[in-house]
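Beneath this line is the structure, given in structure tokens, with notes to follow.
The values are calculated or read from the model by the stated rules, or taken from the named source; none is laboratory data. As the structure is a computational prediction, the values presented were derived from the model and not from experiment. Cβ placement follows ideal geometry from the backbone for every residue including glycine, while neighbour counts extend to all protein chains displayed.
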Amino acid sequence: MIKHLKHTLTRTGLRNLGFLLLLIAAVSGVFVIRPTAAEIRGRDRCTPCGSLATVSESFDNVTPPALPVGWLATNALGPPPLWVTSNSGLPSPPADTPPNAAFIDDPAVISDKRLDSPSFSFFGSRPQLSFRHNFNLEASDVDPNVGFDGGVLELSTDGGNTFQEVPATAFVRGGYNRTISADRGSPIAGRRAWSGNSGGFITTVINLPVHMPPGVIVRWRMASDNSTPSEGWRVDTMSVSWCQVVACTPRPRPTPAPRP
């Protein structure tokens, strides 16, 4: 298990109840805790006898270009650089929660650049992944449905041995906006992806499969073709949350005052 784990535990607004005790399953990875708007909104997902458990990463407790411990950057194709943390440059703004965000460039050559999260496990219901991202990736200026360079999200449920595409049906908010052209050599040709210019940080929320084995890894994957470069892709304020069931304490009924 990777050290320096922090958990963010939040509780639902149960009337007249004391603090709820939460037991969260072991999580392997290094996550810096920072409450997010998505996390706060997520409290409504849980039942009256449930409480939201969250692990988060904001990339702010490292000095750029270093990644937090447990995060892995690789280039399956193409030259350096790899994914790094960044606090300046384009696309702007450089971070959702200053000073840092994870960043990858968008080069003028065929590339396949990947950022893998630490593995994590959870026990509960209604799991969701949310993050903020800012991208400006080469896309068609004629057809708003076509992208040339793009970013996708993938999941591994076997500890990183294999990765699967996140289906469009899993997106609650901020899903893919273009289809990558199939005639320019992109490693993700023909797939739905984020491409073009997001115009700043946007929020993406994804429903994770309910029954997931331990060792889940999330991958942000940027792929480019053999033509024009662009500014790149920034990812920040990532969180995984789920509903942890707790026992309900009956609320005592007040004794009515006797009538005069």
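Just a few scattered comments:
- Matching residues in the range 171-192 - criterion: being farther than 17 Å from Asn226 by Cβ and either assigned to a strand (DSSP E or B) or over 22 Å from the mean Cα position of the chain (by Cα) (or both): Phe171, Val172, Arg173, Arg178, Thr179, Arg192
Table: residues versus (1) of a type in the set (Asp, Glu); (2) more than 23 Å from Leu115 (Cα to Cα); (3) modelled with pLDDT of 80 or more.
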position: Trp220; (1), (2), (3): no, no, yes
position: Asp236; (1), (2), (3): yes, no, yes
position: Val245; (1), (2), (3): no, yes, no
position: Arg253; (1), (2), (3): no, yes, no
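- Of residues in the range 136-145 being surrounded by 14 or more Cβ atoms within 10 Å (Cβ to Cβ) and within 14 Å of Ile180 (Cβ to Cβ), the one nearest to the chain's Cα centre (by Cα): Leu137
- Hits in the range 193-217 - residues which are under 14 Å from the mean Cα position of the chain (by Cα), within 26 Å of Thr157 (Cβ to Cβ) and assigned to a loop (DSSP other than H, G, I, E, B): Leu208
- Asn75 falls short on exactly one of the conditions (1) surrounded by 19 or more Cβ atoms within 10 Å (Cβ to Cβ); (2) in contact with a Lys or Arg (Cβ under 6 Å, 6 or more places away or on another chain), and that condition is (1).
- Hits in the range 146-170 - residues which are loosely packed, with under 13 Cβ neighbours inside 10 Å and either at pLDDT 95 or above or not in a loop (DSSP other than H, G, I, E, B) (or both): Thr162, Gln164, Ala168, Thr169
- Of the strands (runs of 3 or more DSSP E) contained entirely in the range 59-130, not one carries at least 3 residues that are at pLDDT 95 or above, under 20 Å from Ser230 (Cα atoms) and among the aromatic types (Phe, Trp, Tyr).
- Conditions (1) farther than 23 Å from Asn100 by Cβ; (2) touching a Lys or Arg at 6+ places or on another chain (Cβ under 6 Å); number of the one not met by Val216: (2)
- Qualifying residues in the range 59-69 (those that are touching a strand residue (DSSP E or B) at 6+ places or on another chain (Cβ under 9 Å) and within 23 Å of Gly215 (Cβ to Cβ)) - the one surrounded by the most Cβ atoms within 10 Å (Cβ to Cβ): Phe59
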